[in-house]
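*Asks:* The structure that follows is given in the form of structure tokens.
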Amino acid sequence: WRNHRGHNWLSGMRNQGSCGSCYAMAFMTAMESRIRIKYNEPNRHRYSTQDVVSCSVYNQGCDGGFPYLVGKHVLHFGTVSEKCFPYEARDGVCGKACGEREYPLEKVNYVGGHFGGCSEELMMKDIAENGPMVIAFEAPHALFSYQGGIFTGPRPRVEDQGVANVKAWQHTNHAVVAVGWGHTMVNGKRERYWIVRNSWGTTWGENGYFRIRR
């Protein structure tokens, strides 16, 4: 969706700074893009991440949260534009009033209908039909030093790998946005990857994006 039908449907890159707001940045980025695509307005205004960080009773501000619950916040309480409530990279104070709040969502759901119901094929179908998608994963330390290429990292930790009484979902520690996919040839073999947008600014990775093995 960075280059589809002659337009980039994503807003400018975000940088969460020292605030653990990736969950909010990922959701708002995906929501913005899907609204732009639905209404064919590639330059539509951005929505406020800070409004979620400062005001969402379902999440924990700069201490983290869940993208799905950001959706619930927007459904129940609405949102404001980025211009109204700019990002501060801190918990801040809720209470910005600049016109009526917007309610841009009709529903929030997991791809596949429920948590754990997703698949590679369903992800591709939903991204192609509706736009960028929020994904959560366990970001290893090596991701901080990523500069380009197809990221692999260690295998994900899951329940049957010796971690007693721990569900796989508890290992996710970072939320990002899948915007597309592709493949390339490496040593004569086809390597498939997702194209993913991070929230660490444009100087990180591939202009703020990374490719991860699909």
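*Asks:* Pairs on different chains or at least eight residues apart, Cα atoms closer than 25 Å: how many lysine pairs in the chain fit?
*Replies:* Taking the Cα cut-off of 25 Å, the pair count is 14.
*Asks:* Roughly how much of Ile212 is accessible, in Å² to the nearest 10, using a 1.4 Å probe?
*Replies:* 40
*Asks:* How are the Cα pair distances of region 1-119 distributed, in percent, across 10 Å bins from 0?
*Replies:* Reading the bins upward from 0: 14, 44, 35, 8, 0.
*Asks:* Here's something else I'd like to know. Just flag the chymotrypsin sites (Phe, Trp or Tyr not before Pro) in region 81-115 sitting in loop per DSSP whose Cβ has no more than 14 other Cβ atoms within 10 Å.
*Replies:* Tyr110, Phe115
*Asks:* Among Asn198, Gly17, Gly6, which residue has its Cα positioned farthest towards the positive end of the charge dipole of the chain, with +1 placed on the Cβ of Lys and Arg, -1 on the Cβ of Asp and Glu, and the dipole taken about the Cα centre?
*Replies:* With unit charges placed on the Cβ atoms, the residue in question is Gly6.
*Asks:* Continuing with the same structure: So, R0 is 25 Å and r is the distance between the beta-carbons of Ala89 and Ser145; what FRET efficiency does that work out to, to 0.05?
*Replies:* The value I calculate is 0.70.
*Asks:* Which three extents, in angstrom, do the Cα atoms of the chain have along their principal axes, listed largest first?
*Replies:* Computed over the Cα atoms, the extents are 57, 47, 35 Å.
*Asks:* Could you calculate the contour length gain from Arg5 to Asn207, that is, 0.36 nm times the residue separation minus the distance between their Cα atoms, to one decimal place in nm?
*Replies:* Using 0.36 nm per residue and subtracting the Cα-Cα distance, I get 70.6 nm.
*Asks:* Please work through the chain and write down the cysteines that have no neighbouring cysteine Cβ at a distance under 4.7 Å.
*Replies:* Cys22, Cys118
*Asks:* Follow-up. Given a Förster radius of 22 Å and the C-beta distance between Ser81 and Asn173 as r, what FRET efficiency does 1/(1 + (r/R0)^6) yield to the nearest 0.05? Write out the running numbers ahead of the final one.
*Replies:* Values: r = 29 Å, r/R0 = 1.33.
With R0 = 22 Å, the Cβ-Cβ based efficiency is 0.15.
*Asks:* Next question. Using a Gaussian network for the chain with springs between C-alpha atoms less than 10 Å apart, which of these wobbles most: Val70, Val196, Val186?
*Replies:* Top of the fluctuation ranking is Val186.
*Asks:* Which three lengths, in whole Å and largest first, does region 48-116 cover when its Cα atoms are put on their principal axes?
*Replies:* 36, 27, 16
*Asks:* What residues have an amide H closer than 5 Å to that of Trp181, excluding those fewer than 5 places away on the same chain, when H is modeled at 1.01 Å from N in the peptide plane?
*Replies:* Those lying under 5 Å, H to H, from Trp181 are Ile195.
*Asks:* Additional query: Classify region 85-162 as rounded, prolate or oblate from the Cα gyration tensor: take a ≥ b ≥ c as the square roots of its eigenvalues, call it rounded if a/c is under 1.5, otherwise prolate when a/b beats b/c and oblate if not. Intermediate values should be presented prior to the final figure.
*Replies:* Details: a/c = 2.11, a/b = 1.39, b/c = 1.53.
Oblate.
*Asks:* Based on DSSP H assignment, which helices of the chain show an axial Cα extent of at least 20 Å together with a mean Kyte-Doolittle hydropathy greater than or equal to -1.0?
*Replies:* 22-39
*Asks:* Note down the nm distance, to one decimal, between modelled labels 7 Å out along Cα→Cβ at Cys98 and at His45.
*Replies:* Modelled inter-label distance: 0.7 nm.
*Asks:* How large is ³J(HN,Hα), in whole Hz, for each residue of region 80-93 in order, when computed from phi with the Karplus curve 6.51 cos²θ - 1.76 cosθ + 1.60 and θ = phi - 60°, using x for Gly and Pro?
*Replies:* Karplus-based 3J(HN,Hα) across region 80-93 equals 10, 6, 4, 5, 5, 9, x, 5, 10, 6, 7, 4, x, 10 Hz.
*Asks:* A follow-up question, please. Out of region 99-154, which GluC sites (Glu not before Pro) are coil in DSSP terms and have no more than 12 other C-beta atoms within 10 Å?
*Replies:* In loop regions of region 99-154 (DSSP not H, G, I, E or B), the sparsely surrounded GluC sites (Glu not before Pro) are Glu100, Glu106.
The values are calculated or read from the model by the stated rules, or taken from the named source; none is laboratory data. Because the structure is a prediction, the values reported are computed rather than measured. Cβ coordinates were reconstructed from backbone atoms using ideal geometry, including for glycine residues, and neighbour counts include every protein chain displayed. We work out accessible area using only protein heavy atoms, side chains counted, and drop any ligands, DNA or RNA first. Shrake-Rupley method; radii C 1.70, N 1.55, O 1.52, S 1.80 Å.
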